[in-house]
Amino acid sequence: MRTKLIAGNWKMNGRKPMVRELIAGILSRLDVNQRSEVMVLPPFPYIPLVNSLLDATPVLLGAQDLSRHDSGAYTGEVAGGMLADVGCSHVLVGHSERRSLHGEDNALVAAKFNAAQAAGLQPVLCVGETLDERSAGRTDEVVSGQIAAVLEAAGVAAFGRAIVAYEPVWAIGTGQTASPEQAQSVHAMIRAQIAKEDATIAGRLRILYGGSVKPDNAADLFAREDIDGGLIGGASLTAEAFMGIYQAAG
């Protein structure tokens, strides 16, 4: 059985007092008897602080992005090896905001996926469709294309050291949530696509759902066969809401 993972993407939010309060609230609500895992993904400047606050705890630490390059004259970029040096074990690649606001295409996302693994990080590959693409009936085409680009660049074995997060762009921060049936359908499609290459890896792959997940809808989403947790945005900024989702994961 795949262990559920609840990952909190703080995006560009927070200051030191908020970071300390949020981590304290998360740690106070952790249940050592619960199987689900917790991950936090703070902004770059706060990664060392969060790492120190999480010392000797089971909470995982991830970053929100990385460069495709491991070093060089790339002002403003952060290499995967640097993230590993400051305590990260995971990193998002291909988040919808990187794709839409920064023009990251499937080829660049695949390169970042490879860069993450080369640095010893586990990538969390984000995929998802826009409202226009869903309305046009292109959800499976778009999402499978995003997965295919990484399969071609990295090979199916790389998915044995990765996580996938399905985040319908139309449901991120809008208050709209894909129905459990809609989310399950896409998750099942992703797992089937990987299974065509390697059924064992597909069976072990954790596929998270991201898109306006809250404590009151989390349990219904997580009860679905192929939904292995959540990539949480706004609700990860308060310990009560974030850990309410964690508790719903069981």
**Study point:** Qualifying position, being closer than 18 Å to ALA165 by Cβ and assigned to a helix (DSSP H, G or I), among GLU104, GLU97
**Key:** GLU97
Review point. Residue check: is THR177 out of contact with any helix residue (DSSP H, G or I) (no Cβ under 6 Å at 6 or more places or on another chain) and not acidic (Asp, Glu)?
Key: no
Check your understanding: Pairs, please: C-beta under 9 Å, at least 6 apart or cross-chain, first residue under 11 Å from TYR246 (Cβ atoms) and in region 210-235, second of a type in the set (Asp, Glu)?
Key -> PRO215/GLU240; PHE222/ASP228; GLY229/GLU37
Practice item. Could you grab me the full set of residues in region 34-79 that are in contact with a His (Cβ under 7 Å, 6 or more places away or on another chain) and small (Gly, Ala, Ser)? Key: GLY62, ALA79
Check your understanding: So how many residues does region 199-221 have that are surrounded by fewer than 24 Cβ atoms within 10 Å (Cβ to Cβ) and on the phi > 0 side of the Ramachandran plot?
Key -> 1
Point to revise | Cβ-Cβ under 6 Å pairs, at least 6 apart or on other chains, region 24-45 side over 9 Å from TYR246 (Cβ atoms), far side β-branched (Val, Ile, Thr) and modelled with pLDDT under 95 | key: none
Review point. Would you say LEU61 is outside any loop (DSSP other than H, G, I, E, B) and either in contact with a helix residue (DSSP H, G or I) (Cβ under 6 Å, 6 or more places away or on another chain) or closer than 21 Å to ALA241 by Cα (or both)?
Key: yes
Exercise for review: Could you list, in sequence order, all residues of region 24-55 that are under 20 Å from HIS90 (Cα atoms), in contact with a helix residue (DSSP H, G or I) (Cβ under 7 Å, 6 or more places away or on another chain) and not aliphatic (A, V, I, L, M)?
Suggested key: SER36, PRO42, TYR46
Exercise for review: Looking only at region 237-247, decide whether some residue is within 21 Å of GLU181 (Cα to Cα) and either crowded, with 17+ Cβ neighbours inside 10 Å or of a type in the set (S, T, N, Q) (or both).
Suggested key: yes
Exercise for review: Six or more apart or on different chains, Cβ under 8 Å: which pairs go from a residue in region 68-83 that's more than 14 Å from LEU121 (Cβ to Cβ) to one that's charged (D, E, K, R) and at pLDDT 95 or above? Could you list them?
Suggested key: HIS69/GLU77
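The values are calculated or read from the model by the stated rules, or taken from the named source; none is laboratory data. Because the structure is a prediction, the values reported are computed rather than measured. Methodologically, a virtual Cβ is constructed for each residue, glycine included, from the backbone with ideal geometry; neighbour enumeration extends over all protein chains shown.
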